[in-house]
Amino acid sequence: MLITENTPLNRFAKGLQDPAFFAEVGPSFALLKPGDWQGFLRWAAALGYVFTLQALHTLCRDNPQILGQMEKSESLSGWNLESLQRAAQAEAN
C-alpha cells in the first residue's frame, strides 16, 4: 500500500510528514509509551483518524521510511515494524 490513496490512514501518514502538523501533534505523541500501538490507535482516533493496526502495518511495511527514523532513535525504538506486526496479529485474533 502506497501513501497515495485518500484514506484516513494515508492522510494521517502524510500529515505526520508535514512539520506544522507534526509540531501540533508531536507533544501528545511523546506521551505515548513506545510500542503502545493500541494507544497509538486511540491517539490517532482522538485526532480524527480511524484505521486498524493491520492497515498501519501494511502501510509501514510497504513504506519503510515511515518508521525508519524512529527505529534509529534509542528513545523511540519501541516504535518499530516488528512490534507493530505483533500488535496487528494480536488485533486480528
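Since every read-out is calculated from the coordinates, none of them should be taken as a lab result. On a predicted model such as this, the values are computed, not experimentally measured, just so you know.
How large is the translational diffusion coefficient of segment 8-92 in µm² per second when you combine the Kirkwood radius over alpha carbon pairs with Stokes-Einstein at 20 °C and 1.002 mPa s?
This corresponds to a translational diffusion coefficient of 166 µm²/s.
Using only alpha carbon pairs under 8 Å that are at least six residues apart, calculate the relative contact order of the chain and give it in whole percent.
Taking the mean separation of contacting Cα pairs over the length of the chain, I get 32 percent.
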